[in-house]
Amino acid sequence: MTCSDIDGDNLNITWYIYYANGTLKETTFGESYIFIAEEGSTGTYIIEVRVNDGESQAIHQWMLTVNNQL
């Protein structure tokens, strides 16, 4: 992910991964996140990224579906 601040402020980037029921699975920090499906992890997940400059915050979410391997 590439992001910048118009004022040149430092940005804090936080990733939240939720199960479909809204329960938090994990949190990580940094400009990128790699979802690694583990055995038995089929289902739907919500991937959310929050970018914060200390004054304002931008949030974006994706839905990810993990299917059984063939």
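The values are calculated or read from the model by the stated rules, or taken from the named source; none is laboratory data. Remember, predicted model here, so these are calculated numbers, not experimental data. Counting neighbours? That spans all protein chains shown, and the Cβs are built from the backbone with ideal geometry, glycine included. We work out accessible area using only protein heavy atoms, side chains counted, and drop any ligands, DNA or RNA first. Shrake-Rupley method; radii C 1.70, N 1.55, O 1.52, S 1.80 Å.
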Requested in this report: In nm, give the distance between the simple-model label positions of V66 and S4, each being 7 Å from the Cα along the Cα-to-Cβ direction.
Outcome: 3.5
Report summary line: With all protein chains present, the chain has a carbon and sulfur share of its accessible area (1.4 Å probe) in percent of 46
